[in-house]
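Student: What follows is a structure written as structure tokens; I'll ask about it next.
The values are calculated or read from the model by the stated rules, or taken from the named source; none is laboratory data. Everything numeric in this text was worked out from a predicted model, so none of it was measured. Note that each Cβ is placed from the backbone with ideal geometry, even for glycine, and that neighbours are counted across all protein chains shown.
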Amino acid sequence: MSIEQLKEQEDRYQLPTYSKFPFFIERGEGCYVFDEKGNKYLDFYGAHAVASTGHCHPHVVEAIQKQAAQLIFYSNVSYNSVRARALAKLLTLAGPPYYQAFLVNSGGEANDNALKLARAATGRREVVSLVGSFHGRSYGALSATGIPKYRDYLNTPVPAHRVVSQEEVVESICEETAAVLIEPIQSMGGVEEIGAGLLKEIQAACKTHGALMIFDEVQTGVARTGSFLYSGHEGIYPEMVCLAKGIASGFPAGALLVTQDLAAGVQNGDLGSTFGGGPLSCAAMEATREVIESENLTENAARMGEYLRENLLEIPIVQEVLGRGLLVGVRVAEGMTAKKLQGVLLKQHILAGSSMDPQVLRMMPPLTITTREADLFVEAVQTA
Ligand SMILES: Cc1ncc(COP(=O)(O)O)c(C=O)c1O
């Protein structure tokens, strides 16, 4: 079958999801992916912020292969050694106050379970979230999402969700609030950091009114912003943290981290997921964490983020560099748009993402990039 026929077949049988790159991605190695003809692309989109250790890191590949040959799946109804190790490593890296985790398959599932747990723990109904946030496509997560393009598809959102602006959020927290769900850097929204000042005010209001704070760290977590979690930044620790994307280098996995107080209220049967915490995803998670530690990827994300920022700011069309570590937004000057710049980069075989802000290009490259890849990216932006 020709490549054109295969493309037609995918379009014929798959419901529309995303607008796709005009080529197939058939192989990945480190910071690069390769199309059906073997053409090489520098992946600054990071496979949707997922390829944390790069594509097909040998240590992660070996862990998945070894586990697949030993046991592909058994659920949480049995103990399993790789799950025990992966959980211990995850909680050790996250550090206090996070005490236990619920392992899931995706970011949406982590957020949905955080909301469910918050409502159960407080006995309250209301969830507050922010305009500009993206929390996923599952029903609860989408009901909390603050981007109308996605949320409006729900003709009946989950009740008792309030999506409010940053100006309104503190006064929106009251005795009925179960939780405030926050994406500390709104990635899809245009790489907008909420900022420690407002986060502290939200946390104080939550404490006053007995509400819980949840960070959606699906993009900011797992070392991307220069620390293992964004939580803890300026001493702000939400009661729950949701992780996914880069947590297992591309094997579907997610986690909900909770404090000891919250964990104490959860009983057998309250939470569950057939595939969550399966041996293959745990093997990929454990290996991902080992690579993050052995290759100092947390420090690399901070260093490379700074290097990119300094060099990008020298370019006349770059008005502002947003984000933290390797969650990078480039605000382009008038006369240029993110879409145009994305096209210029694609012609030079560099993948980057857009955002809801037409002036902001979004990059979430593998945490393994070196100055070589950063320089290639900066040189390509200079040609625009
Ligand atoms: C911040 C954030 N939260 C949640 C999600 C949803 O994750 P998933 O697609 O794994 O359900 C995403 C996905 O892009 C995200 O960026």
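Student: Can you work out which of the residues in region 92-129 that are within 16 Å of the ligand (Cβ to nearest atom) and assigned to a loop (DSSP other than H, G, I, E, B) is nearest to the chain's Cα centre (by Cα)?
Tutor: Ser106
Student: Only residues that are away from the ligand (no atom under 11 Å from the Cβ) and in a loop (DSSP other than H, G, I, E, B): list them for region 231-247, please.
Tutor: Of everything in region 231-247, those that are away from the ligand (no atom under 11 Å from the Cβ) and in a loop (DSSP other than H, G, I, E, B) turn out to be Ser231, Gly232, Ile236, Tyr237, Pro238, Glu239.
Student: Still on this structure: Looking at Lys89, Lys40, Lys20, which is the one that is at pLDDT below 95 and among the charged types (D, E, K, R)? If you could, list the steps in order and put the result at the bottom.
Tutor: Details: Lys89 fails: at pLDDT below 95; Lys40 fails: at pLDDT below 95.
Result: Lys20 is the single residue among Lys89, Lys40, Lys20 that is at pLDDT below 95 and among the charged types (D, E, K, R).
Student: Testing Ile185 on (1) aliphatic (A, V, I, L, M); (2) under 20 Å from Val360 (Cβ atoms); (3) buried (at least 20 other Cβ atoms within 10 Å of the Cβ); (4) more than 14 Å from the ligand (Cβ to nearest atom), one condition comes back false. Which one is that?
Tutor: In the conditions (1) aliphatic (A, V, I, L, M); (2) under 20 Å from Val360 (Cβ atoms); (3) buried (at least 20 other Cβ atoms within 10 Å of the Cβ); (4) more than 14 Å from the ligand (Cβ to nearest atom), Ile185 misses (4) alone.
Student: Also, quick follow-up: Answer yes or no as to whether Tyr18 is out of contact with any Leu (no Cβ under 8 Å at 6 or more places or on another chain), among the hydroxyl-bearing types (Ser, Thr, Tyr) and closer than 23 Å to Lys347 by Cβ.
Tutor: Values: out of contact with any Leu (no Cβ under 8 Å at 6 or more places or on another chain): yes; among the hydroxyl-bearing types (Ser, Thr, Tyr): yes; closer than 23 Å to Lys347 by Cβ: yes.
In short, yes.
Student: A further question follows. Kindly evaluate Lys89 against the criterion of being more than 13 Å from the ligand (Cβ to nearest atom), surrounded by fewer than 20 Cβ atoms within 10 Å (Cβ to Cβ), of a type outside the set (Gly, Ala, Ser) and closer than 30 Å to His209 by Cα.
Tutor: Spelling it out, it is not the case that Lys89 is more than 13 Å from the ligand (Cβ to nearest atom), surrounded by fewer than 20 Cβ atoms within 10 Å (Cβ to Cβ), of a type outside the set (Gly, Ala, Ser) and closer than 30 Å to His209 by Cα.
Student: Does any residue in region 348-360 that is closer than 12 Å to Tyr45 by Cα come within less than 8 Å, Cβ to Cβ, of a residue that is at pLDDT below 95 and surrounded by fewer than 20 Cβ atoms within 10 Å (Cβ to Cβ) six or more places away or on a different chain, and which pairs are these?
Tutor: These pairs meet every condition: Leu351/Phe21.
Student: I want to confirm something. Restricting to region 215-230 and keeping residues that are among the aliphatic types (A, V, I, L, M) and within 14 Å of the ligand (Cβ to nearest atom), which single residue is surrounded by the most Cβ atoms within 10 Å (Cβ to Cβ)?
Tutor: Filtering region 215-230 for residues among the aliphatic types (A, V, I, L, M) gives 218, 222-223, 229.
Filter once more, so that each one left must be within 14 Å of the ligand (Cβ to nearest atom): 218, 222, 229.
Values: Val218: 27, Val222: 32, Leu229: 24.
In this case the residue turns out to be Val222.
Student: Among the residues of region 47-86, what is the count of those that are within 17 Å of Glu29 (Cβ to Cβ), within 16 Å of the ligand (Cβ to nearest atom) and hydrophobic (A, V, I, L, M, F, W, C)?
Tutor: Going through region 47-86 one residue at a time, the tally reaches 3.
Student: Now, a different point. Given the conditions (1) within 25 Å of Gly146 (Cβ to Cβ); (2) touching a residue at least 40 places away in the same chain (Cβ under 8 Å); (3) away from the ligand (no atom under 14 Å from the Cβ), which single one is not true for Thr208?
Tutor: Answer for Thr208: the failing condition is (2).
Student: Name every residue in region 258-284 that is hydrophobic (A, V, I, L, M, F, W, C), assigned to a strand (DSSP E or B) and within 29 Å of Gln70 (Cβ to Cβ), in order of residue number. Steps first, answer last, please.
Tutor: Just the residues of region 258-284 that are hydrophobic (A, V, I, L, M, F, W, C), to begin with: 258, 262-264, 266, 271, 275, 280, 282-284.
Subset that is assigned to a strand (DSSP E or B): 258, 271.
The answer is Leu271, and nothing else.
Student: Also, quick follow-up: Considering (1) more than 16 Å from the ligand (Cβ to nearest atom); (2) touching a strand residue (DSSP E or B) at 6+ places or on another chain (Cβ under 8 Å); (3) not hydrophobic (A, V, I, L, M, F, W, C), say which one Glu201 fails and leave the rest.
Tutor: Among (1) more than 16 Å from the ligand (Cβ to nearest atom); (2) touching a strand residue (DSSP E or B) at 6+ places or on another chain (Cβ under 8 Å); (3) not hydrophobic (A, V, I, L, M, F, W, C), Glu201 violates only (2).
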